[in-house]
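K.L.:
Mind having a look at this structure? Questions to follow.
FYI, it's all coordinate maths here, none of it is from the lab. What you see is a predicted model; the values in this text were computed from it and never measured. Here Cβ is always computed from backbone atoms with ideal geometry, including for glycine, and neighbour counts include all displayed protein chains.
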Amino acid sequence: MPKIAQIIVAAGKGARIGGDIPKQYRLLGGKTVLERTIAATLSSGLIDYTVVVIAAGDTKAADVLSNFDVHFVTGGATRTDSVKAGLSALKDDAPDYVLIHDAARPFVSADLIARLVEALATHQASVPVLPLVDAVKTYDKDAIGTDIDRAGLRAVQTPQAFHYADIVNAFNAAPADASFADDIAVAKDAGLSIAAVNGSRDNIKLTYIEDFTRAERELMSDTNSR
Ligand code: CTP
Ligand code: MG
């Protein structure tokens with residue numbers, strides 16, 4: 001059995017939502033988003049070790065994290081810096097695999113985690129992807145441009161999964177000050193083999209306040225229908 005670790009990055013500010021508290025500490029159905037994300041990943045039963053990356057000076061983390069068997073480290077100014085801090089925290093007792101996940105995606109499922117792990121038997125990395133549903137067009141200074149063919153595009157989610165040694169090498173090969181949209185981008189630049197697995201429409205990234213409103217509504221209707 002491979003040893004599987006996960007890094008949950010929770011050191012962002014949630015600027016697009018605004019407000020006083022970063023979105024990972026907002027309440028959703030009475031629990032913080034971070035609690036829900038940790039609980040969802042651990043309930044897969046596939047994760048042996050968890051590192052949560054939190055912001056410097058975070059005063060809320062201790063309360064949340066004390067309920068779980070997880071470790072925490074301090075992140076950095078960009079998501080890339082936060083991921084690097086998480087990878088470093090794993091090096092003394094290195095896992096075979098590492099899953100890197102956004103704290104802002106509390107609806108990750110055990111099935112998705114299983115698909116990602118399974119793909120690592122044949123690839124160095126795996127990533128959940130989804131076809132786009134909306135039409136996509138170029139856009140510049142309020143002007144709508146030309147259509148982009150959706151067939152050749154995919155939306156990309158987390159968790160993203162890697163052989164630990166390979167993703168560490170990939171980050172070491174990247175320019176030290178580079179900031180990447182996600183970790184598969186780092187794997188791609190380093191030439192790792194990447195498996196695309198089916199993502200999940202439920203696995204949204206809470207990004208705007210409307211995402212919270214909708215998620216809250218869906219949690220309520222789940223509770224009422226039970
Ligand atoms: N993240 C992080 N460290 C950073 C920036 C982001 O750990 N310096 C984490 C966030 O906490 C989040 C995940 O990366 O769980 C995905 O980032 P995003 O959704 O962009 O969150 P924020 O950066 O917090 O939000 P915004 O971009 O609106 O400020
Ligand atoms: Mg961000």
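K.L.:
Among the aspartates and glutamates, select those whose C-alpha is under 17 Å from the C-alpha of Lys3, and discard any that sit fewer than 8 residues away in the same chain.
P.N.:
Lys3 reaches Asp48, Asp69, Asp92, Asp93, Asp96, Glu118, Asp166.
K.L.:
Further, regarding this structure: Nearest 5 percent is fine: what portion of the DSSP beta bridges confined to segment 81-226 is antiparallel? Display every interim value, and only then the final one.
P.N.:
Working: 12 of 17 bridges.
Looking only at bridges with both residues in segment 81-226, the antiparallel portion is about 70 percent.
K.L.:
Same structure, new question: May I ask you to give the average projected area over all directions of the convex hull of the Cα atoms of segment 6-46, in nm² rounded to one decimal?
P.N.:
About 3.3 nm², averaged over all directions.
K.L.:
Please rank Arg79, Arg201, Arg154, Arg36, fewest neighbouring Cβ atoms within 10 Å first, as an exposure proxy.
P.N.:
By the 10 Å Cβ count, ascending, the order reads Arg201, Arg154, Arg79, Arg36.
K.L.:
When Lys and Arg each count +1 and Asp and Glu each count -1, what net charge do the other residues less than 14 Å away from Ala174, Cβ to Cβ, add up to?
P.N.:
Result for the local shell: -3.
K.L.:
Would you mind pulling out the separation of the Cα centroids of segment 109-123 and segment 74-94, in Å?
P.N.:
So the two Cα centres are separated by 22 Å.
K.L.:
Arranged from highest to lowest average of other beta-carbon atoms within 10 Å per residue, in what order do the peptides 131-141, 18-28 appear? Don't jump to the answer; show the numbers that get you there.
P.N.:
Details: 131-141: 9.0, 18-28: 17.2.
Highest to lowest by the protection proxy: 18-28, 131-141.
K.L.:
Right, here's the next one. Return the distance in nm (one decimal) between the two label points of a simple spin-label model at Ala143 and Ala94, each offset 7 Å from Cα along Cα→Cβ.
P.N.:
Here the answer is 5.2 nm between the modelled labels.
K.L.:
Lys3: net charge of surrounding residues, Cβ under 9 Å, Lys/Arg +1, Asp/Glu -1, itself excluded?
P.N.:
Numbers: positive: none; negative: Asp48, Asp93, Asp96.
In short, -3.
K.L.:
Each label point is 7 Å from the Cα along the Cα-to-Cβ direction; what then is the distance between the points at Ala121 and Ala135, in nm?
P.N.:
4.3
K.L.:
Which order do the peptides 144-150, 39-45, 101-107 come out in when sorted by mean C-beta neighbours inside 10 angstrom, highest first? Write down the numbers at each step before the final one.
P.N.:
Values: 144-150: 9.6, 39-45: 16.0, 101-107: 24.4.
Peptide ranking by packing, descending: 101-107, 39-45, 144-150.
K.L.:
With only Lys, Arg, Asp and Glu charged, each at its Cβ (+1 for the first two, -1 for the last two), find how big the charge dipole of the chain is about the Cα centre; round to the nearest 20 debye.
P.N.:
340
K.L.:
Tally Lys and Arg at +1 and Asp and Glu at -1 over the other residues with C-beta under 15 Å from the C-beta of Gly30: what net charge comes out?
P.N.:
Working: positive: Arg26, Lys31, Arg36, Arg217; negative: Glu35, Asp63, Glu216, Glu218, Asp222.
Value of the local net charge: -1.
K.L.:
Can you tell me how segment 14-124 classifies by the Cα gyration tensor, rounded, prolate or oblate, using a/c under 1.5 as the rounded cut?
P.N.:
prolate
K.L.:
So, one more: Nearest 5 percent is fine: what portion of the DSSP beta bridges confined to segment 1-54 is antiparallel?
P.N.:
25
K.L.:
Could you tell me the convex hull volume per residue, in Å³, taken over the Cα atoms of segment 79-226?
P.N.:
With only Cα atoms used, segment 79-226 gives 165 Å³ per residue.
K.L.:
Would you grab the residues whose amide H sits under 5 Å from the one on Leu28? Only those 5+ places off in sequence or on another chain, please, with H modelled 1.01 Å from N.
P.N.:
Val33
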